[in-house]
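Just below is one structure, and these are the notes that go with it.
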Amino acid sequence: ITFTVTAPETVTSPNRGYLGMDTNPDGVALASVSYTGQPEPWSEGFTVPYPKALHKFAGEFQVTVHPNGFLYIKIPELAYSRGYRRTYLIGVLAKVVVDIARALGKPIALENLDFGKDRLDTNRKFNRMAANFPFRKIIEAVTRRAFREGVGVKPVWPAHTSTIGYWKYMQRYGIIIHHAAALVTARRAIGFKE
């Protein structure tokens, strides 16, 4: 079945900056970055919308908010759940990320990673992580949801975002490596070269 969907009016502007997103097997790290390329603190009273109807166990949706513009949304079950449950959790994650971007008025900058079968030849630990990592599903769900909500999405070149974040921004801002990678991703979307 095919549906024709008209694009809604865009509600985000790159002139405000970008919401950088770093995707991980158990969730996503987000960095709110201003148009100058610096982290932008969350506004007064900012809260992450808690999704309804999860209700399997306590701590299934964990949010760590740093006041200097970084946050991490962790869904531990995402790394090992199967089938429809994983698809549902990815949809929940995409809704929360797009709602945050819409509230900030910023487009989403995300990495255009490739975890294809041609990369499965290094070692067993990497092969297992790459095969079970639902990266493509997360990116597709965020992109699809953003299109429906009128939120812009900009995929960027993913090479060395974690390395650059580790050496340049992790110690400076006192953040974890995933936040630093999200910051580098947003800076690349703005046009900065590291």
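The values are calculated or read from the model by the stated rules, or taken from the named source; none is laboratory data. Because the structure is predicted, anything quoted here is derived from the model rather than measured. Please note: Cβ atoms are built from the backbone with ideal geometry, for glycine as well, and neighbour counts cover all protein chains shown. Please note that ligands, DNA and RNA were not included when accessible areas were found on the heavy atoms of the full protein model with its side chains. Shrake-Rupley method; radii C 1.70, N 1.55, O 1.52, S 1.80 Å.
Just one of the numbered conditions (1) at pLDDT below 90; (2) touching a Gly at 6+ places or on another chain (Cβ under 8 Å) is not true of Pro107: (1). Close contacts from region 34-57, counting a first residue that is of a type in the set (Lys, Arg) and a second that is open to solvent by less than 70 Å² (accessible area, probe 1.4 Å), with Cβ to Cβ under 8 Å and a gap of 6+ residues or different chains, come to Lys56/Glu77. Looking at Ala29, Ala101, Ala7, just one residue is open to solvent by 10 Å² or more (accessible area, probe 1.4 Å), among the aliphatic types (A, V, I, L, M) and closer than 24 Å to Pro155 by Cα, and that residue is Ala7.
Which of the residues that make up region 37-60 are open to solvent by less than 70 Å² (accessible area, probe 1.4 Å) and in a loop (DSSP other than H, G, I, E, B)? Walk me through how you get there before you give the answer.
So in region 37-60, the residues open to solvent by less than 70 Å² (accessible area, probe 1.4 Å) come out as 37, 39-40, 42, 45-46, 48-49, 51, 53-54, 59-60.
Hits for region 37-60 are Gly37, Glu40, Trp42, Gly45, Phe46, Val48, Pro49, Pro51, Ala53, Leu54, Gly59, Glu60.
Residues that are open to solvent by 60 Å² or more (accessible area, probe 1.4 Å), over 17 Å from Arg136 (Cα atoms), touching a helix residue (DSSP H, G or I) at 6+ places or on another chain (Cβ under 8 Å) and not basic (Lys, Arg): does region 63-73 have at least one? Break it down stepwise before answering.
Filtering region 63-73 for residues open to solvent by 60 Å² or more (accessible area, probe 1.4 Å) gives 64-65, 67.
Then drop every residue that is not over 17 Å from Arg136 (Cα atoms), which leaves 64-65, 67.
Imposing the further condition that a residue be touching a helix residue (DSSP H, G or I) at 6+ places or on another chain (Cβ under 8 Å) reduces the set to none.
Among the residues of region 63-73, not one is open to solvent by 60 Å² or more (accessible area, probe 1.4 Å), over 17 Å from Arg136 (Cα atoms), touching a helix residue (DSSP H, G or I) at 6+ places or on another chain (Cβ under 8 Å) and not basic (Lys, Arg), which makes the answer no.
Listed residues Lys106, Lys95; which is touching a Pro at 6+ places or on another chain (Cβ under 9 Å), open to solvent by 70 Å² or more (accessible area, probe 1.4 Å) and of a type in the set (D, E, K, R)? Lay out the reasoning, then the answer.
Values: Lys106 fails: open to solvent by 70 Å² or more (accessible area, probe 1.4 Å).
Just one listed residue meets the conditions, Lys95.
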